[in-house]
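Structure, as structure tokens:
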Amino acid sequence: MAKCMKILVLCLAIGLAVSPGVQAAEKAIKIGINAPITGDIPKVGEGTKFAAQMWLEDIKAAGGLDVGGKKYPVELVIEDNEAKAESAVKAMTKMITEDEVIAIVGPQASKQAIPGGEVANNYKTPMISPWSTNPDTTKNRPFVFRGCFLDPFQGPVLANFIKEEFKFTKAAVLYDVASDYPKGLAEYFRQAWEKLNGPGSVTAFESFTTKDADFSSQLTKIIQSGAEVLFTPQYYNEVALIVQQAHELGWKNPIVGSDSWGSAETVKLCGKDCYGLFFSTHYAAAGATGATKEFIDRYNKKYGYVPDDVAALTWDSIRIVQRAIQNCGKLTGDIKADRQCVRDAMAKIKEFEGITGKMTFTEEGDPIKCAVIVKISDKGEYEFYKSVCP
Amino acid sequence: MKNTDLPEAGKQDTFRTSLARIPLLGWLIGALVAVLLEHLTGLRLAEALLLPKVPVLFGLVTMLKTPLLIPSSVFYVLLIYILPTFIVARLTRPLTNRLSAGLFNLSPAVSAVIHLGVFYAALHLWSEISDYRVLTVKLTLIAIMLTLSLNLINGYMGEFSCSHPGFMALGAYTASVFTLSLFTDSRMFGTAVFQAGYGPFLFPAALILGGFTAAAGALIIAIPSFRTRGDYLAIISLAFMFIVKSMIENMEVIGGPRGLGGQPDYANLPAVFVWTVLCVWMINNFVQSVLGKALNAVRDDETAADAMTVNTRQTKMTAFMFGAFWAGIAGGLFAHVLRYVNPATFGIQNLAEVLAMVYFGGLNSVYGSIVGAVSMNLLGEALRPLEIYKWIIIPLLLILVMIFRPAGLIAFKEFNVRNLIRPRG
């Protein structure tokens, strides 16, 4: 026993002697990323992670982040929230109390962003969710911001677009009743559409539940209702099924979608059936110019596919954090004071030139920004069609 | 005591027997001293060892993130936790043995309460260092309650129930609606009925109400499904879970799929700890009672149990509702720890996690449930830096456990409190 102890102590002593001095001379600025790397929506987590890592490369190439004339090294703390609320809360608490991050980008989906925002606000740490569209995420939380427009804005945008573009008066809606994003958007769209075309102009308001794969009964009802256009604010895997099944059942009219269509997977799964359809989103990859194009090309070259809206919004969000830190002017080293300073600087950001459009934050921490209507071209690319501003 | 097979035979006792003779009180006091030591010197020692901060979960996260820091982390854990606990426990052995003998003779109940007090003090001091520890401890304690209540049904009763997330959701939503509508100004339920100051005192009522709602839900499944046996209960209870989930999704009053947030912050560490202790105590008493033994008899052979005058139907119903009750309480606590609930949380994934904890820890065993819940939760947190590989390692562990110990790590073992707290000297 005594021998064992001696050997153990010896090993530890040697290990201690050879373990290098890891303490950096300058304390790094840490930025937290809370992303769903495993779980239901890994593609979202991947886009978030890649965009953040690309940003870090830029900062590293520049020799650090320049704040008030001083260069600081930057570290990213990437935590997986497993697409679960409790895990997002744990990751949030860990990053804030253990890693002492100055600001957090994410979580992406509202399911995690709402409880995550609560934690960030309690600990007075600025957080920006690039993708969460639920109003509750930022409501009454001065430290929580978001990088995208909200559903109450997107619904009317689409209703107006369909009205102007096709001059239709009768619309049908098909949505997932068990998922908060489609459900909210479907309702905002119905309100806006009935305001434009009078009550009863939404001829069918059909729902299904997450993971359903057969929509024929709902689609038959929709076709029989005499609707001229179908609106379906679904995610990429369901979009492909809905569009293909609608066409099989003889639906010839346009199908319109929302920003959840924006994933690169939509066209991959849907194929020719989706060509020529419209949806509203945050940015359009095909035909992009300037900084947006630069971002898309870099991302495509590095990771082998065109980035979807999550990656673009994350890129913008992390650059808003960067801008806020720089606007802060001077870092004191006291993490609490610095967080407050970053939060105040972030709230004051005006006309931020992002790759997904110009942004200015409202009192609630929601950006005022334009939506883009995208047309899926005959080559399956997402083409810019028009821009709708509030 | 035999001590002839070791070189240090001359000494009074060997290493192992010397450990075996330390009573639980000694270990607890050792742990308390260790966490006190961490409070006083942890930060300085961590700095001296070049660690960025005090290692939060016994250094596991630090080790995986920066392998270069493995020696420092091991050294830290050894210096702060293992050595002090061991040394104090060993040095105070005569004292603690006498003390626990005195307490035990006085009254085992008092002794148990004192043990719990010391344990809580150590836990509280340990978690006070970081809020991340507090959150991890709270969620782990809730997981213990859930695992234990499911073990009651799947282990002790021998049925396969899949409705636990459903019971949890019922408890979580009932308790949330209770606290939100009575003590807070919320968007959905209007202004507060009572002053917010009463909230913490009525919080137990909210939880118990949640528990009763869950038990009522259990009654609804129990009536039709206990006419059948085996797989049928699994199917019916799985259906029940989906019914609860879609019911909540379609109820706009309580937020529908958007969820319900802003619960008051009542579930602090002492509250969660007290409820967990109550849960362990009550379930442990339940399974050791006549009813609990009847439950085992029903599991092993229902016809034989019936012939031996066991009222099988009533026994099963009681156990099922009792399990559901505690799942409801755990759900209520869960909602108030996260301060947000969402129907999607209570789905298949949640079910899989609870089942994994039950089968990993061990069927028909209170020890097993505690071990399963704690190890799964700590592993889940500690392996965080591995990202996606975490979900290869944890299932692999489960498979290994299932191969080598098919009933779980510590299955079919009684949790005997008297035996645990007795003196060993």
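The values are calculated or read from the model by the stated rules, or taken from the named source; none is laboratory data. Since we're looking at a predicted model, the values are computed, not measured. Positions of Cβ are backbone-derived with ideal geometry, glycine not excepted, and every protein chain shown enters the neighbour counts. Surface accessibility is based on the protein's heavy atoms, side chains included, excluding ligands, DNA and RNA. Shrake-Rupley method; radii C 1.70, N 1.55, O 1.52, S 1.80 Å.
Quick check on my link table: of A:LYS252/A:LYS272; A:LYS27/A:LYS330; A:LYS221/A:LYS386; A:LYS252/A:LYS375, which ones sit more than 20 Å apart, alpha carbon to alpha carbon? Pairs exceeding 20 Å: A:LYS221/A:LYS386.
Distant-in-sequence amide contacts of A:ASP66, defined by a placed amide H-H separation under 5 Å and a gap of 5 or more residues or a different chain, comprise A:TYR72. To put it simply, the accessible area of the protein assembly as shown at a 1.4 Å probe is 63 percent carbon and sulfur. Here is how the number arises for chain A: DSSP H runs of 4 or more residues each give -39500 (n - 2.57), the sum is divided by the residue count, and the result at 222 nm is -14000 deg cm²/dmol. For a quick check, take a GNM of chain A with Cα springs below 10 Å and name the residue from A:LEU269, A:LEU249, A:LEU230 with the largest mean-square fluctuation. Checking each option, the largest mean-square fluctuation is seen for A:LEU249.
With the cut-off at 31 Å, tell me which of the pairs A:LYS90/B:LYS293; A:LYS163/A:LYS268; A:LYS183/A:LYS348; A:LYS369/B:LYS53; A:LYS183/B:LYS390; A:LYS84/A:LYS195 have Cα atoms farther apart than that. Intermediate values should be presented prior to the final figure.
Numbers: A:LYS90/B:LYS293 39 Å; A:LYS163/A:LYS268 29 Å; A:LYS183/A:LYS348 33 Å; A:LYS369/B:LYS53 41 Å; A:LYS183/B:LYS390 33 Å; A:LYS84/A:LYS195 37 Å.
Long pairs (Cα-Cα over 31 Å): A:LYS90/B:LYS293; A:LYS183/A:LYS348; A:LYS369/B:LYS53; A:LYS183/B:LYS390; A:LYS84/A:LYS195.
Counting only protein heavy atoms and using a 1.4 Å probe, the accessible area of B:LEU202 comes to about 70 Å².
Derived scalar couplings between HN and Hα for region A:191-201 equal 4, 5, 5, 5, 5, 6, 10, x, x, x, 7 Hz in order, rounded to whole Hz, by the Karplus curve 6.51 cos²θ - 1.76 cosθ + 1.60 (θ = phi - 60°), x for Gly and Pro.
For A:LYS60, a cut-off of 15 angstrom between C-alpha atoms picks up these aspartates and glutamates, skipping any fewer than 8 places away in its own chain: A:GLU26, A:GLU75. Chains A and B together bury roughly 4200 Å² of accessible area, counting both sides, with a 1.4 Å probe on protein heavy atoms only.
Roughly what % of Cα-Cα distances in chain A sit above 29 Å, to the whole percent? Write down the numbers at each step before the final one.
Numbers: 34593 of 75855 pairs.
Of all Cα-Cα pairs in chain A, 46 percent lie more than 29 Å apart.
Kindly work out what percent of the DSSP beta bridges joining two residues of chain A are antiparallel, to the nearest 5.
Values: 18 of 47 bridges.
Percentage antiparallel, nearest 5: 40.
What is the mean number of Cβ atoms from other protein chains located within 10 Å of the Cβ atom of each residue in peptide B:381-392, rounded to a whole number? Don't jump to the answer; show the numbers that get you there.
Details: counts 4, 0, 0, 7, 3, 1, 9, 5, 1, 4, 4, 0.
Taking the mean over all residues of the peptide, I get 3.
Annotation: amide H-H contacts under 5 Å for A:PHE205 (H modelled 1.01 Å from N, sequence separation of 5 or more, or interchain): A:VAL173.
Considering only A:SER87, B:SER369, A:TYR188, the residue lying farthest towards the positive end of the dipole of the protein assembly as shown is B:SER369, judged by Cα position with unit charges set on Cβ. Using the alpha-carbon positions of region B:360-419, Rg (one decimal) and Dmax (whole number) come out as 13.0, 43 Å.
In the protein assembly as shown, a dipole from Cβ-located charges (positive for Lys and Arg, negative for Asp and Glu) runs towards its positive end, and of A:HIS247, B:LEU148, B:LEU351 it is B:LEU148 whose Cα lies farthest in that direction.
Solvent-accessible area per residue in the protein assembly as shown equals 41 Å², computed with a 1.4 angstrom probe and all protein chains kept. Accessible area of B:ILE29 (1.4 Å probe, protein heavy atoms only, ligands and nucleic acids ignored): about 50 Å². Computed from point charges on the beta carbon alone (+1 for Lys and Arg, -1 for Asp and Glu), the dipole magnitude for the protein assembly as shown about its Cα centre is near 2100 Debye. Between B:ALA294, B:ALA109, B:ALA122, the residue with the greatest mean-square fluctuation in the GNM of chain B (Cα pairs under 10 Å linked by springs) is B:ALA109.
Highest GNM mean-square fluctuation among B:PRO264, B:PRO395, B:PRO343, for chain B modelled with Cα contacts below 10 Å: B:PRO395. Largest accessible area first, the listed residues B:THR345, B:THR309 line up as B:THR309, B:THR345 when surface is computed with a 1.4 Å probe on the assembled protein chains.
Name the residues of region B:232-273 whose accessible area, probed at 1.4 Å, falls by at least 20 Å² once all protein chains are in place instead of their chain on its own? Relative to the lone chain, where solvent access is computed with a 1.4 Å probe, region B:232-273 loses at least 20 Å² at B:GLU249, B:ASN250, B:GLU252, B:PRO257, B:ARG258. Annotation: aspartates and glutamates with alpha-carbon distance below 16 angstrom to B:LYS138 (same-chain offsets under eight excluded): A:GLU86, B:GLU128, B:ASP265, B:GLU381.
In terms of distances greater than 23 angstrom between alpha carbons, the cross-link table entries A:LYS111/A:LYS139; A:LYS43/A:LYS124; A:LYS30/A:LYS71; A:LYS111/A:LYS211 yield A:LYS43/A:LYS124.
Counting only heavy atoms of the protein chains and using a 1.4 Å probe, A:ASP212 has close to 60 Å² of accessible surface.
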